[in-house]
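The values are calculated or read from the model by the stated rules, or taken from the named source; none is laboratory data. These figures come from a predicted structure and were not determined experimentally. For neighbour counting, all protein chains shown are included, and Cβ atoms are generated from backbone atoms with ideal geometry for every residue, glycine included.
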Amino acid sequence: MSGEKGGVMPGVTRLSTKIPLERVGVVIGNKAAVLEMLRRRLGVSVSVDSSSGNVTIEPLSQGTPVANLLKAKEFIEAIGYGFSPERAERVLDEDQVLVVIDLKGLVGDSENNLRRIKGRIIGEEGRARRNIEEITNTYISVAENAVAIIGSYEEAEVARQAIEMLIEGKQHSTVYKYAERMMSKLGRRPKIW
């Protein structure tokens, strides 16, 4: 990973992140299509160490904005949290963000607690997660120890608050009504569940 690869500029900003090994193939994509899309769209070079899950992101030219490196990092981390490349691509838009809720930090290390909380967030046949996604116009992925959300800052914040309410034990209907009310305040027409 050292040295100049594919026209990468030496001595410029470089970002690193790490993804789960089982998500490495998804980040690379079929025939490196995902990496090529990042190269074309953002002007970045992405190196993935498939044995460790370490990812390095570098600009292809001095004109590549640092913001593009940050967006590429967010995109790769979104895939690491379980989003498909198609869903993760939404985070590349300027007004979209990736928000991550650390479940272990909120509920502790107990596997039973984590399983129970993830079950509440996902809901029967995925209904709770899907309802929050539809109400808030976000994408939500429930990973091993975290919940990741992609949306505009305001929408992702409403989704985060809704998920934290579920974690606290609030009823699903109460959470949906709260999210609909908050979306209305933002001037966005919520979808009725």
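Filtering the stretch 87-115 to residues that are under 30 Å from Leu42 (Cα atoms) and not in a helix (DSSP H, G or I) leaves Asp93, Glu94, Asp95, Gln96, Val97, Leu98, Val99, Val100, Ile101, Asp102. Answer yes or no: is there a residue in the stretch 134-149 that is on the phi > 0 side of the Ramachandran plot and either touching a strand residue (DSSP E or B) at 6+ places or on another chain (Cβ under 7 Å) or touching a residue at least 60 places away in the same chain (Cβ under 8 Å) (or both). Taking every residue of the stretch 134-149 in turn, at least one turns out to be on the phi > 0 side of the Ramachandran plot and either touching a strand residue (DSSP E or B) at 6+ places or on another chain (Cβ under 7 Å) or touching a residue at least 60 places away in the same chain (Cβ under 8 Å) (or both). For the stretch 124-140, the criterion of being surrounded by fewer than 19 Cβ atoms within 10 Å (Cβ to Cβ) and more than 20 Å from the chain's Cα centre (by Cα) is satisfied by at least one residue. Of all the listed residues (Glu58, Glu94), the sole one being at negative phi, surrounded by fewer than 20 Cβ atoms within 10 Å (Cβ to Cβ) and not hydroxyl-bearing (Ser, Thr, Tyr) is Glu94. Among the candidates Ala72, Ala32, Ala78, the residue that is surrounded by fewer than 19 Cβ atoms within 10 Å (Cβ to Cβ) and in a helix (DSSP H, G or I) is uniquely Ala32.
Report whether or not Val147 is of a type outside the set (Phe, Trp, Tyr), surrounded by 12 or more Cβ atoms within 10 Å (Cβ to Cβ) and farther than 22 Å from Ile79 by Cα. No: the conditions fail for Val147. Just name the residue that is surrounded by the fewest Cβ atoms within 10 Å (Cβ to Cβ) out of those in the stretch 150-179 that are touching a Leu at 6+ places or on another chain (Cβ under 6 Å) and over 16 Å from Gly123 (Cα atoms). This residue is Glu154. Of everything listed in (1) more than 25 Å from Ile140 (Cβ to Cβ); (2) modelled with pLDDT of 95 or more, the single unmet condition for Ile79 is (1). Restricting the stretch 1-23 to residues that are modelled with pLDDT of 95 or more and of a type in the set (Val, Ile, Thr) leaves a set whose member that is surrounded by the fewest Cβ atoms within 10 Å (Cβ to Cβ) is Thr17.
Can you tell me which residues in the stretch 37-56 are part of a loop (DSSP other than H, G, I, E, B) and of a type in the set (D, E, K, R)? Answer for the stretch 37-56, where residues must be part of a loop (DSSP other than H, G, I, E, B) and of a type in the set (D, E, K, R): just Asp49. Taken together, Val147, Val175 contain a single residue that is modelled with pLDDT of 95 or more and either closer than 12 Å to Ile101 by Cα or within 17 Å of the chain's Cα centre (by Cα) (or both), which is Val147.
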